[in-house]
1. Please tell me if LEU279 is open to solvent by less than 10 Å² (accessible area, probe 1.4 Å) and either in a strand (DSSP E or B) or closer than 24 Å to THR212 by Cα (or both).
2. Do we find that THR196 is modelled with pLDDT under 95, open to solvent by 30 Å² or more (accessible area, probe 1.4 Å) and farther than 27 Å from ASP159 by Cα in this structure?
3. Considering each of VAL133, VAL158, VAL128, VAL168 in turn, give the residue that is without any contact (Cβ under 8 Å) to a residue 24 or more places away in the chain, hydrophobic (A, V, I, L, M, F, W, C) and either closer than 30 Å to ALA68 by Cβ or touching a Phe, Trp or Tyr at 6+ places or on another chain (Cβ under 7 Å) (or both).
4. Report, ordered by the first and then the second residue, all pairs with beta carbons closer than 9 Å, sequence separation of six or more or different chains, a first member in segment 39-63 that is closer than 13 Å to CYS15 by Cα, and a second member that is basic (Lys, Arg).
5. Any idea how many residues of segment 238-261 are surrounded by fewer than 18 Cβ atoms within 10 Å (Cβ to Cβ) and at pLDDT 95 or above?
6. Give all pairs with beta carbons closer than 7 Å in which a residue from segment 11-35 that is charged (D, E, K, R) meets a residue that is surrounded by fewer than 17 Cβ atoms within 10 Å (Cβ to Cβ); count only pairs at least 6 apart in sequence or on separate chains.
7. Please find, among HIS186, HIS112, HIS172, the residue that is part of a helix (DSSP H, G or I), modelled with pLDDT of 90 or more and open to solvent by 50 Å² or more (accessible area, probe 1.4 Å).
8. Among the residues of segment 1-38, how many are among the acidic types (Asp, Glu) and open to solvent by less than 40 Å² (accessible area, probe 1.4 Å)?
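The values are calculated or read from the model by the stated rules, or taken from the named source; none is laboratory data. What you are looking at is a predicted structure, and each value in this text was computed from that prediction instead of being measured. Backbone-built Cβ (ideal geometry, glycine too); neighbour counts: all protein chains shown. For the accessible areas, the whole protein counts, side chains as well, though only heavy atoms, and no ligand, DNA or RNA atoms are used. Shrake-Rupley method; radii C 1.70, N 1.55, O 1.52, S 1.80 Å.
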Amino acid sequence: MNLKEQLYVCTLAKCGTISKAAEELYISPPALSVYLSNLEKYLGVRLFERTGKSLVPTSMGREYVERAEKMLQMKKDFELLLEQSSGKCKGSLRVGIQHRRAISIAPILMVHFLKEYPDINLIIKEGVYDELVQMYQTNDIDFLIYTCADELPDTTYVDLGEEYVLLVLPEHHPANAETWWKEGEHFPHLDPRCLTDEVFVLPVKKQSLRGTAERILEQYRIRPKRIIEIRYFETAMSMVDQGVGIGFNRSGYIQGMDRFPGVRYCLIGDVPYSARLVLAYRKGRNLAPHMERLIELIKEHINKT
């Protein structure tokens with residue numbers, strides 16, 4: 001099943017320039033440029049507008065790409081069926097995971113999954129929320145493991161667990177005296193309204209926790225004295241540990257952060273904030289046994305932590 005035309009056009013739309021698309025397709029830029037011009041002449045419509053070196057899909061180009069992506073996915077699904085019918089299991093499986101979560105999940109997958117399926121090329125792609133969603137939407141990853149804020153269209157979700165959003169205080173902060181406990185819970189509660197005019201150490205805007213943190217600050221009418229943006233959670237926790245400011249974290253991220261003894265985690269308010277941890281893949285996709293096994297391994301790991 002040869003879908004070279006569809007692959008070329010989708011890659012051009014994703015990359016945005018002839019040179020980048022040619023590099024990904026392993027052909028020369030002049031050859032790809034000629035191919036695109038000939039295709040547009042054959043179809044009788046322009047698929048892309050040229051602005052300098054940039055390519056932007058026209059309205060007809062967007063219609064083409066939408067259908068071509070479905071054709072490419074159907075091709076991939078059919079090839080998977082052929083593998084299953086022959087008893088052979090090869091190919092690649094691309095998994096996108098948020099940076100902090102990949103620290104614990106990626107080694108588990110590499111050890112246990114590859115032991116069972118040594119012929120599968122398991123590719124782990126790390127990123128922040130916005131980066132991973134873009135990879136998913138451009139079909140650069142097969143599975144997306146992330147904290148679900150908003151559901152994506154045409155997507156099937158596998159629930160992996162529930163995570164709490166935590167406030168993180170320096171151990172000597174006076175607000176620690178205002179926390180309270182509920183029976184059976186692992187963290188105390190804190191009304192965050194006592195934290196106005198404080199320095200906050202927040203994730204960068206592309207990370208899902210940043211949006212959650214901003215909604216919490218707005219709900220409780222907290223006006224930070226200053227916001228310090230940090231990309232990596234370990235760096236943020238180190239700053240809280242040293243008394244620089246107050247941070248946010250997820251309960252699923254704090255495993256392995258024992259080296260920050262000067263932080264105190266708190267649930268937010270009387271009814272704590274929580275979010276779904278999910279694995280997402282394209283709706284209608286047929287899952288091979290090795291894909292289902294990967295999901296089982298991830299669930300087993302999440303349930304142990």
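1. Values: open to solvent by less than 10 Å² (accessible area, probe 1.4 Å): yes; either in a strand (DSSP E or B) or closer than 24 Å to THR212 by Cα (or both): yes.
Taking the combined requirement at face value, the residue satisfies it.
2. Numbers: modelled with pLDDT under 95: yes; open to solvent by 30 Å² or more (accessible area, probe 1.4 Å): yes; farther than 27 Å from ASP159 by Cα: yes.
The answer is yes for THR196.
3. Details: VAL158 fails: without any contact (Cβ under 8 Å) to a residue 24 or more places away in the chain; VAL128 fails: without any contact (Cβ under 8 Å) to a residue 24 or more places away in the chain; VAL168 fails: without any contact (Cβ under 8 Å) to a residue 24 or more places away in the chain.
Result: VAL133 is the single residue among VAL133, VAL158, VAL128, VAL168 that is without any contact (Cβ under 8 Å) to a residue 24 or more places away in the chain, hydrophobic (A, V, I, L, M, F, W, C) and either closer than 30 Å to ALA68 by Cβ or touching a Phe, Trp or Tyr at 6+ places or on another chain (Cβ under 7 Å) (or both).
4. VAL56/ARG50
5. Residues that pass the stated criteria total 3.
6. Filtered contacts from segment 11-35: LYS14/THR138.
7. Working: HIS186 fails: part of a helix (DSSP H, G or I); HIS172 fails: part of a helix (DSSP H, G or I).
Testing whether each residue is part of a helix (DSSP H, G or I), modelled with pLDDT of 90 or more and open to solvent by 50 Å² or more (accessible area, probe 1.4 Å) leaves just HIS112.
8. If we filter segment 1-38 for residues that are among the acidic types (Asp, Glu), which is where we start, we get 5, 23-24.
Among the residues that remain, those that are also open to solvent by less than 40 Å² (accessible area, probe 1.4 Å) are: none.
Going through segment 1-38 one residue at a time, the tally reaches 0.
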